[in-house]
Structure formats: structure tokens, C-alpha cells
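See structure below.
The values are calculated or read from the model by the stated rules, or taken from the named source; none is laboratory data. Fair warning: this is a prediction, and the values are worked out from it, not measured in the lab. Every residue, glycine as well, gets a Cβ built from its backbone with ideal geometry; the counts of neighbours run over all protein chains shown. We work out accessible area using only protein heavy atoms, side chains counted, and drop any ligands, DNA or RNA first. Shrake-Rupley method; radii C 1.70, N 1.55, O 1.52, S 1.80 Å.
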Amino acid sequence: MAATPTPTQSQTPQSTQPSGGGTATTSSWRTWATNRWIQTGAVLLVLVIAGALPYVRAPFPPETGVWLDENLNALYTWVVSNRDTSPIFIYGFNYLSVGLGSSVAIIDDLLQALTWPGVVVLGAFAAWRTAGWRVMLVVLAAFAVFGVTGLWNDAMTTLALIITSVLLALIVGVPLGIAAGRSDRVQRMVRPVLDFMQIMPAFAYLMPMLLLFGIGNPAAAVATTVYAIPPAVRITSMAIRNVDKGAIEAAVSLGSTKWQMLGKVQLPLAKRTILLGVNQTIMLAVSMVVIASVIGAGGLGDAIYQALSKINIGRALEAGLAIVMLAIALDRVTGAVGHGAHTPRIPKRLRGWVLGVGLVATAAVASLGVERWPLEWRLHIARPVNDFTHAFESAIGGFTDALGVWLLDWVLQPLKLTLMESPWWLVVLASAALGWIFGGRRVGVTCGVAILGAGLLGQWNRSMDTLSQILVAAVVVLLIGLVLGVLMARHDVFAAILRPVLDAMQTLPPFVYLIPAVALFAAGRVPALAAAVVFALPPVIRLVNDGIRGVPQQTVEAALSQGSTKWQLLTKVQLPLARSSLLLAVNQGIMMILSMVVIGALVGGGALGYGVVFGLKQNELGLGLTSGLAIVCLGIFLDRMTQGRRTNA
């Protein structure tokens, strides 16, 4: 006879059933609520709703911005009035300005005194001796472009400015990098400063230098030097720290002093990496020298700036081609020196004679006195390029115009209005919430303060306009970069074709990207956006490719052995395992878009870039400086949010 269940035993299942379901439901809701993408969607939804409701609009209070603008303009007026009487300038900045201007002028005069044949012989000899005959051909091609485009003097001015700035950057950066490499305390002190300097867009360096040194080469040289210092410090520090520990311990055991350790062990073993740092310093200097044309640096950058302002695509292309060849030549020479490859093998006893022959040949050619590049060797490509551009615009102008109008009316303008017309305090809170979601509490506070800072500077509307352009460009860049990066990782032939294209694109100064964009879309926000997309693509493609190729082969083979399709292999294995590289690609892509969107102000991009350029041109320190600092605030917000997500991953 079966035992009759007691009331307690019979009720236990009935009493626990609802409790288990509630627990499961609660767990499901908790999982749903803690999903980062759902949280992000909720924050954005609140912003969209707030932007669409007219009765909750709250523009940012203008008082602090007006106060800053008035005081900064008053400061500029005081500096201009007292530049020749104040001891700060008489015994400080004016001496520095004269010294820097004289340095640039002396190098420029030396290059002019050598005449173009002398410069060609000296440059070709130096390239052959340090990097081999292939690089020498690249250098000769660069000189040929300077001459045939009629931009020889402009190229020499730019080269003089680069030489001065790079020498100053290395004089400051290499010793500081050595100190940071040998001391943890110095490293901790230097790192946040370098982080801040590398977040700042290039334009943000110009206004303070303009205030202290005025318009001209001295301000351009200082801005370029400051902009180019971070890689010299970071890479030198990394090179010193990566010296083999066994070699250091052996030197210590032999009783080496600190200076012997540095001079006999660390610097020789770190030489190759330090030279790569020199290469990066030079490339940043090339980029900044072009941008510094806005404050009167002259040279090739000014040629592009003048041509773009007149929508003269042909002339801009000539100057852009000269800048590209200059950048490629400098990159190949310094890169080859760093790698130490293809250098001609000359017996040690003959090296002095070879050097002497090179210098004598340079002096002999320079003594001929051929000052001007022959006019009959000029190639006038500006007119045919302009004719082709007009024909091209006629052929596809309707499509590009329609695309530009659609992008403005349906994407950029609605997003801009959502950010500008939402209550400012809600945008600040949303920024903090997004930072918290992606990076934690500290990042959330930093993001909120950064966006609030843009408002306190009086640049709220321009900041939201710039932010909307960055977000749209970032979506396009990430979509294209992800597709091309995956294709590059999966097909070696495609990678072999694309790699040199990416190399060339990463060598180009940012200004050059504006030329085809203006040719396609004319002036306005759309060409600035298109140029930013193309400018930011190379690092995104490379990082996606590197991340997928870095997935362990055993993992890929295990997935294939389980019958995974290519799509499953990509979405379930490769992309999740490459998440760190993908997030770094997001960070780098957004930061490069930020810098390029600002430069796009030169072709009508508007927003903060327009504030900086207009302030520089019209001597309005308040507008230019607050716009530049607002760019820094946006850079901190975007950088911290994407970095925080990557760190937490």
C-alpha cells in the first residue's frame, strides 16, 4: 500500500513552482538590463525623444562662453600692444621667435645658395649612401616633381621648416625619452602629458603659438616641434626599456657606470627602434607643417590652402603631389636608415673618400650658378586637371549632388538638430552614462566633464555639429574598414594588392585628402566628411586585418573540423577573438576622423574647425582658442569612451 503523501510533501512542488519562474524571470530581466548595447540604445532613445520635443529644449547658458571670449580677446589685444615693451616678450618670446625664424631662414638660404642642381646632387648622394640606390631614385623623383610643377622654392621653404622643427623635437624628445626609459618616476610624470598632446588635434596647437610668436615661421616651427615631440619621447623610452635584460645584467656585473651603461649598451642596442621614432617624428612634422600654413608658414601647405580657397583643383593637385613626394622620400630615407637595409657596402678605408667626392660634386654643381629650374622643363597640369574636373562634374555631378543633399537632409542635419536641441544637461548626462556603460565610473565622469567643458567654453552648438559629423563618418569608416579588413585577412592576393595602397595613403598629409573630395562634391560639409572617411580608413583596415590574422590557427582549425561555415567561423570565432584589435580600430578611426573633420573646415566643413580657422585668420583669439579647446574636449570624450571599453574587455 502506497503511503499517502503528507500535506507538506504534496504542497512543496506547488509552492516552489512560482518562485522558480520568478527567479528565472528576474534573472532574464537582469541580463537584459545589464546588456551594454541595450543600455546604450536606451540612452540614445531618450536623447532622440528629448530632441523631438520642443517644450523641453534648453540651450546651453552663454554666460561663461561670452566671458571667456571677451577676456581672451582682451588678452590678445594686450599682447599685441605690449609685444615690444613687456619684459616677458623682450627678454623671452621675442628672442626665441628671432632665433627660430633665423634658423628657418638660414637653412632656407643655404638650400637656395646650393641652387637646385646642388640640392639634387646632395640629396641623391645622401639617399644613396644611407638607404641605397632604390631610395635614391625616389628622392630624385621627388626633386623632379618639385621642379616640373614650378614649386621648387615652396618645397625648399617647407623642407627648411621641417629640418628646423625635427631637430628641435629630437633635441627635446630623445633625452626626455631616455630619461623616461631609465626612470619609472619620469615615465609616470611624462605619460599623461604625452597622452594629452596626442589627443589634441593639430589645429589646437596653432592658436597659442600665434598668440606668443605672431604670424610667421617661428609660430609654425614651435607648433610643429611640439606636435612632433610625443613619438620621439615614447619610442625612445620604449626602445631603452626593451633592451635585453641579459645584456644589462652583464654590463652591471662588469662594473659599468650609468653613463657607460647608456652609451655602450642601451643606446647601441636601442638604435634601430630610436631611428624608427625619428621616422615618425619626421612624418608628423610633415603633416603639421602643411597645416601650419594657416598661420603663415608658407611653402607647399600655403600653395594648397590658396588653391583650395579658390577651388583650383589643378593647382591644389600639383602642390599635393609635391607634398606627397616629399613625404614619401623622407619616409623611405629615414625608414631605410632605421632598418639598415640596402646600404651600399663600402670598405671602411674608402668611406671618407666617398664622402669627400660627394661633397666636392655638390660644391662643383652649385658653383655653376643655375638658380632657376628651366621653364621649358615645366609641366602645366593644372589646366588639364581643371578641365577634366569640370567634365567629371558634368558627368556625375548630378549623382554626387543628390548624394550630398540626401546625406545633409536625412542624416547630418537630423542628427545635428537632435544633439543641439536636446536639453544641454541631458546631453551631458547621456555622455556620462555612455562613458559609464563603456568604461566604468571614472570614464563616465571624465566623459560628462569633457562635454560640459565644451559648453562652458561657449562652443556648445559648434561642438554638437562637429560631434554629429564625427559619428556619421565613424559609422561609414567602420563599415567599410570591417569589410575590407576581413577580405584582406582572408585573401593573401587582395592583401598584397591593398597593402602598398594603404602604405601610400598613410604617408599622405591630411590636406591632400581634401583635393579629390572637393573635386567630387564641391565645397561644404559633405566633402569634409568624405575626406575624413578616406583618411581614417587605412588604420582601421590594418587593425581589423591584424586582429583576424592574429587568431590562433589551432582555434580556426578546430572550428572548421566542427563543420563551421565561413560566416560562422567569422562571426563566432574570428571577430570575437579579435575584439581587442577591433576596439582599437574604433578608437583610432574616430580620433583620425576628429582631426580630419576639423581640417575639413578649410573647404566649408564648418563647426569647430571653422571657429579655429576664422579665429586664426581674423585674429580673434577668443573664438579660435575656445574652438580649439572644445576640440580637445571632444577628443577626450571620444578617446576615453572607446579606450575604456577596450580596457574593460
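Before moving on, here are some points about what is shown:
- At q = 0.13, 0.27 Å⁻¹ the log10 of I(q)/I(0) for the stretch 537-605 amounts to -0.48, -1.08, computed by Debye summation with a single uniform scatterer per C-alpha, solvent ignored.
- Per residue, the chain exposes 49 Å² of solvent-accessible protein surface, assessed with a 1.4 angstrom probe and all protein chains in place.
- Look at the alpha carbon pairs under 8 Å that are at least 6 residues apart: their mean separation over the length of the stretch 321-462 gives a relative contact order of 10 percent.
- Förster radius 22 Å - calculated FRET efficiency between residue 167 and residue 95, Cβ distance, rounded to 0.05: 0.75
- At an R0 of 51 angstrom, the distance between the Cβ atoms of residue 558 and residue 88 translates into a FRET efficiency of 0.15.
- Neighbourhood net charge (12 Å Cβ-Cβ; Lys/Arg +1, Asp/Glu -1) for residue 117: 0
- Length gained when the stretch residue 445-residue 310 is fully extended (0.36 nm per residue, less Cα-Cα span): 44.2 nm
- Relative contact order of the chain, pairs being alpha-carbon contacts under 8 Å that are 6 or more residues apart, as %: 20 percent
- The distance between label points at residue 565 and residue 503 comes to 3.8 nm (points 7 Å beyond Cα on the Cα→Cβ vector).
- Shape call, the stretch 425-532: gyration tensor on alpha carbons, a/c limit 1.5: oblate
- The count of lysine pairs in the chain that are at least 8 places apart or cross chains, and whose C-alpha atoms lie under 26 Å apart, stands at 7.
- Separation between Cα centres of the stretch 462-508 and the stretch 197-234, rounded to whole Å: 27 Å
- Normalised by residue count, the stretch 404-466 yields a Cα convex hull volume of 83 Å³ per residue.
- Residue separation of residue 40 and residue 367 scaled by 0.36 nm, minus their Cα-Cα distance, works out to 110.8 nm of gained length.
- Here the chain exposes an accessible surface that is 66 percent carbon and sulfur, computed with a 1.4 Å probe and the other protein chains kept in place.
- Euclidean distance between Cα centres, the stretch 55-97 to the stretch 285-364, Å: 37 Å
- Net lengthening on full extension, residue 64/residue 381 (0.36 nm per residue, minus Cα-Cα): 109.0 nm
- ³J(HN,Hα), Karplus 6.51/-1.76/1.60, whole Hz, each residue of the stretch 477-493, x for Gly, Pro: 4, 5, 5, 5, x, 5, 5, 5, x, 5, 4, 5, 6, 9, 10, 5, 5
- Entry note: the stretch 88-189 has Rg to Rh equal to 1.12, where both radii use alpha-carbon atoms and Rh is the Kirkwood radius.
- Shown here for the stretch 286-339: trypsin sites (Lys or Arg not before Pro) in loop regions (DSSP other than H, G, I, E, B) with at most 10 other Cβ atoms within 10 Å, namely 310.
- Equivalent ellipsoid, the chain (semi-axes from 5 times Cα gyration tensor eigenvalues, Å): 48, 33, 28
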